[in-house]
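The values are calculated or read from the model by the stated rules, or taken from the named source; none is laboratory data. For clarity, every value in this text was computed on a predicted model and none was experimentally measured. Every residue, glycine as well, gets a Cβ built from its backbone with ideal geometry; the counts of neighbours run over all protein chains shown. In case anyone asks, the SASA skips ligands and DNA or RNA and just uses the protein heavy atoms, side chains included. Shrake-Rupley method; radii C 1.70, N 1.55, O 1.52, S 1.80 Å.
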Amino acid sequence: MKRLRLRVRGQVQGVGFRPFLHGLAHRLALTGWVLNDGAGVLAEVQGDALERFLAALAEDAPPLARIDAIETDAIPAQPDETGFAILASQRGAVTTGIAPDAAVCPACLAELFDPADRRYRYPFLNCTHCGPRFTITRALPYDRPQTAMAGFPLCPDCAAEYADPADRRFHAQPTACPSCGPRLSHSIAEVLAALRGGRIVAIKGLGGFHLACDAFDAAAVERLRARKQRNGKPFALMVANVASAERFVEMEAAERALLEGVARPVVLLRRREAPTLPASRAPSLPRFAGEGLESPPLRSGGGLGRGQASSSSTLPDAIAPGLAWLGVMLPYTPIHHLLFHEATGRPDGTAWLERPQDLALVMTSANPGGEPLAIGNDEARRRLEGIADLIVDHDRDILIRADDSVMRVVAGAPAFLRRGRGHVPTPIRLPRSGPPVLAVGGHQKATVCLTRGDEAFLSQHIGDLDNAATLEFLEESVAHLRRILAVEPVAVAHDLHPDFQSTRFAESLGLPTLPVQHHHAHIAAVLAEQGEGGPALGLALDGFGLGPDGGSWGGEMLLVEGVGFTRLGHLAPLAQPGGDVAARQPWRMAAAALARMGRGAEIAGRFAACGPADGVRRMIEAGINAPPTSSCGRWFDAACGILGVRAVAGFEGEAPMALESLVRRPTVLEGGWRIDGGVLDLTPLLESLLQINAQEGAERFHGTLAAALVAWAMPELAARGLDRVALSGGCLMNAVLAEALSAGFAARGVTALLPRRAPANDGGLSLGQAWVAVQSLLQEGLPPCASPFPPA
Ligand SMILES: [Zn+2]
Ligand SMILES: [Zn+2]
């Protein structure tokens, strides 16, 4: 008879771990006990099947558990012991964390559609393996009184399940049933009728309200777009399952896994219909050829059998105008599932869940005016008035907002475009442990990051800090993270830019502050999540970040060593006529590129229809209000402007997304670049685009840019004996570019490290800032970002 003491670390509380161990011990006829304490789960097990027990522990753990370590010690057996007990939590227990929100599990779905079950069609059912977590938790310990369920005393039936170690709702803090839990304001039938009637419905979800409408109803989609003033920004689509999604999009195994995972992000998937450029948005340049862009018919057997909508078998273009991808997500709350269940005639059982369904919903964040997502019932009524025709809410509060995560598969693995619900507050492991620090990110797509030991807690997506409400959300997110982690930071890291709201907030905290250069932070974020100590070479391909020289950076080759970095090179500077406004008007960057080619005289003729073309030419030539920038994003804009792909962008990133959409197969123009003294100049590539159509140009721009970047970085890598290169910055959300770079480096024996746990864009900045600050504190006395400046 052997006895083991086990320590299990990781996300092992509030996820059904103790009932799992209890059940496992019973099956294997083991005795002992298990309890939660401040470090995770502690257990003692005794019997003959300990090997099998340990194997099952690692393999069959509950779906929401994340085991970071299992430590075992052989201890003396206790011959008289009988049974296996779940003991009361020890003092200081449940400090190890809160799980992210998770999609309804299969066991709960079986109950939801079983007419004999007491939770049949109950919109708030959940268990220890699924349901709300992060968004309903106010503070530690993670216990019902600290959640939005505090006001819902358990009924006797629920209380019995909650107390039964053999039940999958044992200590399920958010558990509820129709007699004791939250209630929905409208019946599912009413909600569906409104959607089918073309109305825009606000539906309270896990991390905030969505605005929903029937995705096949072009008028409703246009109305939603007009009311939300969304300027062409794509809407996400919710469909019942993979079989339904496949009518609209293509999908590989990795994408399917992402779509069906418990985090249920919005996944960018390639549309079956090729995109067309909406006439109203495309500039009237003659070169935009339509070959290859006609919409092929949908595959037959699409199964669109529903009345009117079947006559138009494709989705309205207004969902994602001119883009090759659709953002698709699957249902993740019981309310979502019930809508599809209602739409398909309320079948019993779960077989229908796998079959293609006709209903498809636009589901977009209810964040009018670029302000944070609405979460409160009164707030929704106030802020969504005039946008939503119907507001569907309930009496379970959302305590912290979390937008849907947005992901795509890049170079064969998942990458974040936006990190939110389903992923926060899962920590990212840092290469080293250090003092707790806070980092507040940049200006756009802000996130904050709080560290505890070697764990970095990257917040959910907060948004662009353009308004007071978003700044308030940032402050709330910091307070919430401090509360749920019980951590007080000793320093705060921020961007080098003195005028960012985030920088001002950092300075208001009364803590030592550490400025971190923007692109240094981008590269540090990749190194942090991938456990790379450095020195490391990084390419930061980005929009805008302030350099220590006061210049506008964004296409940088950096050598990062510990807390410092060296700028080894950068993209050739382009004038940015009009400053910030040029970031939304790609034609201005095209004009700057023309001037660089010595073809300034052509600017007025080519761009007369786009804006004050001759004025822009004069600004560029006189160097007035046309600051130079080495931004890779602006080089993308210049290509878009030259090729006539979005002369003016409705939202940040629209033009390069449209350009990427056109690429089928990147091509390389030999001689398309020049490298001189560390400066990579793409002018020959841009000049060649004047001669070809948009699709050919898009393919040439992507392929040649990637080849040029590889050619630029290789000598620097070789000179230092490095075989890895870190890639980050907003341009790496472009899968074509990321994949071409990965392949290009791989062909030369270099591994490209891409951001996987944090977004490549500014949403990942706070992670990099935090990692630089942690290292800086560990090596006291060193400045956070010494920047020896090489000749440019
Ligand atoms: Zn469940
Ligand atoms: Zn109940």
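Restricting D68, D101, D114, D37 to those that are outside the structural domain of V487 (by TED's automatic domain parsing), within 23 Å of V487 (Cβ to Cβ) and within 16 Å of ligand 1 (Cβ to nearest atom) reduces the list to D101. Just one of (1) open to solvent by 10 Å² or more (accessible area, probe 1.4 Å); (2) more than 9 Å from ligand 1 (Cβ to nearest atom); (3) modelled with pLDDT of 90 or more fails for P132. It is (1).
From the list A521, A528, which one is under 26 Å from P628 (Cβ atoms) and open to solvent by less than 10 Å² (accessible area, probe 1.4 Å)? Going through A521, A528 in turn, the sole match is A521. On the stretch given as the range 457-469, residues that are crowded, with 19+ Cβ neighbours inside 10 Å, more than 13 Å from L765 (Cβ to Cβ) and not small (G, A, S) total 2. For the range 728-745, the criterion of being assigned to a loop (DSSP other than H, G, I, E, B) and modelled with pLDDT of 95 or more is met by at least one residue. Which of the residues spanning the range 586-624 are open to solvent by 40 Å² or more (accessible area, probe 1.4 Å) and outside any helix (DSSP H, G or I)? Within the range 586-624, G598, R599, A608, A609, P612, G623, I624 qualify. Scanning the range 694-703 for residues that are within 15 Å of A740 (Cα to Cα) and crowded, with 22+ Cβ neighbours inside 10 Å yields A698, R700, F701, H702, G703. In the range 155-179, the residues that are farther than 20 Å from L87 by Cα reach residues that are assigned to a loop (DSSP other than H, G, I, E, B) and modelled with pLDDT under 95 with C-beta atoms within less than 6 angstrom, at least six apart or across chains, in these pairs: T175/R169. Among the residues of the range 168-208, write down those that are within 16 Å of ligand 2 (Cβ to nearest atom) and open to solvent by 40 Å² or more (accessible area, probe 1.4 Å). Of everything in the range 168-208, those that are within 16 Å of ligand 2 (Cβ to nearest atom) and open to solvent by 40 Å² or more (accessible area, probe 1.4 Å) turn out to be R168, H171, P178, S179, R183.
Could you tell me whether G151 is within 16 Å of ligand 2 (Cβ to nearest atom) and under 19 Å from A61 (Cα atoms)?
In short, no.
Within the range 658-682, the only residue that satisfies the criterion of being open to solvent by 10 Å² or more (accessible area, probe 1.4 Å) and of a type in the set (S, T, N, Q) is T667. Being within 16 Å of ligand 2 (Cβ to nearest atom), open to solvent by 20 Å² or more (accessible area, probe 1.4 Å) and not polar (S, T, N, Q), is that true of even one residue in the range 104-114? Yes, the range 104-114 contains a residue that is within 16 Å of ligand 2 (Cβ to nearest atom), open to solvent by 20 Å² or more (accessible area, probe 1.4 Å) and not polar (S, T, N, Q). Among the criteria (1) under 30 Å from R247 (Cβ atoms); (2) of a type in the set (V, I, T); (3) in contact with a Ser or Thr (Cβ under 8 Å, 6 or more places away or on another chain), the one T147 does not fulfil is (1).
What about E532, is it at pLDDT below 95 and among the charged types (D, E, K, R)?
yes
Got at least one residue in the range 207-227 being in contact (Cβ under 8 Å) with a residue 60 or more places away in the chain, touching a Lys or Arg at 6+ places or on another chain (Cβ under 7 Å) and not in a strand (DSSP E or B)? Yes; the residues of the range 207-227 include at least one that is in contact (Cβ under 8 Å) with a residue 60 or more places away in the chain, touching a Lys or Arg at 6+ places or on another chain (Cβ under 7 Å) and not in a strand (DSSP E or B). When each of A374, A318 is tested for being in contact with a Lys or Arg (Cβ under 9 Å, 6 or more places away or on another chain), open to solvent by less than 40 Å² (accessible area, probe 1.4 Å), among the aliphatic types (A, V, I, L, M) and in a loop (DSSP other than H, G, I, E, B), the lone residue that passes is A374.
Any idea which residue in the range 625-649 is surrounded by the fewest Cβ atoms within 10 Å (Cβ to Cβ), counting only those that are part of a loop (DSSP other than H, G, I, E, B) and of a type in the set (A, V, I, L, M)? Among those residues, the one meeting the criterion is V648. Of the conditions (1) open to solvent by less than 50 Å² (accessible area, probe 1.4 Å); (2) under 23 Å from Q576 (Cα atoms), L514 fails just one. Which one is it? L514 satisfies every listed condition except (2).
Count of the range 704-727 residues, restricted to those that are assigned to a helix (DSSP H, G or I) and either open to solvent by 60 Å² or more (accessible area, probe 1.4 Å) or acidic (D, E) (or both), is 4. Does at least one position in the range 699-718 carry a residue that is out of contact with any helix residue (DSSP H, G or I) (no Cβ under 7 Å at 6 or more places or on another chain) and among the polar types (S, T, N, Q)? No, there is no match, as no residue in the range 699-718 is out of contact with any helix residue (DSSP H, G or I) (no Cβ under 7 Å at 6 or more places or on another chain) and among the polar types (S, T, N, Q).
Would you pick out the residues in the range 168-197 that are within 16 Å of ligand 1 (Cβ to nearest atom), modelled with pLDDT of 95 or more and aliphatic (A, V, I, L, M)? Scanning the range 168-197 gives a single hit, A176. If you filter the range 436-456 down to residues that are open to solvent by 10 Å² or more (accessible area, probe 1.4 Å) and assigned to a strand (DSSP E or B), you find that the one that is farthest from A263 (Cα to Cα) is G453. Scanning the range 531-579 for residues that are under 20 Å from A639 (Cβ atoms), touching a residue at least 60 places away in the same chain (Cβ under 8 Å) and not in a strand (DSSP E or B) yields one hit, A572. Has the range 54-70 got any residue that is more than 30 Å from the chain's Cα centre (by Cα) and more than 26 Å from A107 (Cβ to Cβ)? Within the range 54-70 (the criterion being more than 30 Å from the chain's Cα centre (by Cα) and more than 26 Å from A107 (Cβ to Cβ)), the answer is no, since none of the residues qualifies.
Could you check the range 138-167 and list, in sequence order, the residues that are part of a loop (DSSP other than H, G, I, E, B), open to solvent by less than 50 Å² (accessible area, probe 1.4 Å) and within 16 Å of ligand 1 (Cβ to nearest atom)? Within the range 138-167, M149, D167 meet the criteria.
Restrict the check to the range 486-504 and report whether at least one residue is under 30 Å from P715 (Cα atoms), free of Cβ contacts under 8 Å to residues at least 12 places away in the same chain and over 22 Å from the mean Cα position of the chain (by Cα). Checked the range 486-504: no residue is under 30 Å from P715 (Cα atoms), free of Cβ contacts under 8 Å to residues at least 12 places away in the same chain and over 22 Å from the mean Cα position of the chain (by Cα). The single condition from (1) among the small types (G, A, S); (2) open to solvent by 40 Å² or more (accessible area, probe 1.4 Å); (3) farther than 26 Å from H341 by Cα that G232 fails is (2).
Of all residues in the range 350-371, those satisfying the criterion of being open to solvent by less than 30 Å² (accessible area, probe 1.4 Å) and not in a helix (DSSP H, G or I) are Q357, L359, A360, L361, V362, M363, T364, S365, A366.
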